[in-house]
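First comes the structure, then the notes that go with it.
We did not get these values from a lab; they are worked out from the coordinates using the rules stated. This one's a predicted model, so the numbers in the text were calculated from it and none came from an experiment. Positions of Cβ are generated from backbone atoms using ideal geometry, with glycine treated the same way; all protein chains shown enter the neighbour counts.
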Amino acid sequence: MSDSLRHAYNRLIQAGAAVSGAVFVFMMLVVSLDSVLRYAFNNPLGWVVEVNEYLLLYVTFLGAPWLLRQDGHVRVDLLFAYMSERTARRLTLWTSVLGAAACLVLCVFGCQSTWEAFVRELPEIKTLAIPRWTLLWVIPYGSLLLSIEFSIKAWGHWRQTAPAPTRATE
């Protein structure tokens with residue numbers, strides 16, 4: 001990967017994390033405001049719950065690639081204590097490969113669903129009527145970035161587990 005492409009990709013991951021964090025803060029503030037308005041003035045904001053439902057999707061799929069890069073996801077590592085280092089590295093390699101494959105499948109189906117919602121102009125009708133594709137696009141986008149991150153991790157684990165190349169004697 002060229003340095004400029006790698007730099008652009010890293011900025012994309014960082015931007016997703018920053019937007020995710022900002023959206024999360026916004027969600028916290030409007031829920032707090034809604035609670036105050038509901039219980040102190042008996043005048044809640046009607047849109048807060050629905051908008052936060054939608055924004056949770058954005059927070060998840062924009063922030064997850066950065067979180068994966070930081071190894072911040074929950075991981076059950078109880079079995080690793082009973083494995084050799086080599087076996088643990090191999091297991092980590094395969095979980096990264098499977099994670100990349102699963103995210104790629106999610107990306108493909110997410111693209112199909114988003115495109116169908118866009119072409120058919122499907123609305124998301126609750127309190128707010130908005131085009132469904134504006135909610136769905138973040139799923140294939142985030143899944144693609146997650147697939148790339150899992151692939152990068154798998155490559156790194158493979159390099160650690162692969163036998164060192166031997167030099168042929170002349």
Let's see if you can work this out: charge +1 on each Lys and Arg Cβ, -1 on each Asp and Glu Cβ, no other charges. What is the dipole magnitude of the chain about its Cα centre, in debye to the nearest 20?
440 debye
For C103, the net charge from surrounding residues (Cβ-Cβ under 15 Å; K, R +1; D, E -1) works out to +1
Determine the calculated [θ] at 222 nm for the chain from helices alone, applying -39500 (n - 2.57) to every DSSP H run no shorter than 4 residues and normalising by the residue count; nearest 500 deg cm²/dmol.
-26000 deg cm²/dmol
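Can you put T95, T114 in order of Cβ neighbours within 10 angstrom, beginning with the fewest? Could the numbers behind the result be given before it?
Details: T95 15, T114 20.
Fewest to most other Cβ atoms nearby, the residues stand as T95, T114.
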Given the options F26, G16, N52, identify the residue whose Cα lies farthest towards the positive end of the charge dipole of the chain (+1 on Cβ of Lys, Arg; -1 on Cβ of Asp, Glu).
G16
What is the distance in Å between the Cα centres of the range 40-95 and the range 105-124?
23 Å
Sorting check: for 132-141, 20-29, 51-60, which peptide has the highest mean count of neighbouring beta carbons within 10 Å, and how do the rest follow?
132-141, 51-60, 20-29
Which value does Rg/Rh take for the chain over its C-alpha atoms, Rh per Kirkwood?
1.12
Just add up the charged neighbours of A129: K/R +1, D/E -1, any other residue whose Cβ is under 12 Å from the Cβ of A129.
-1
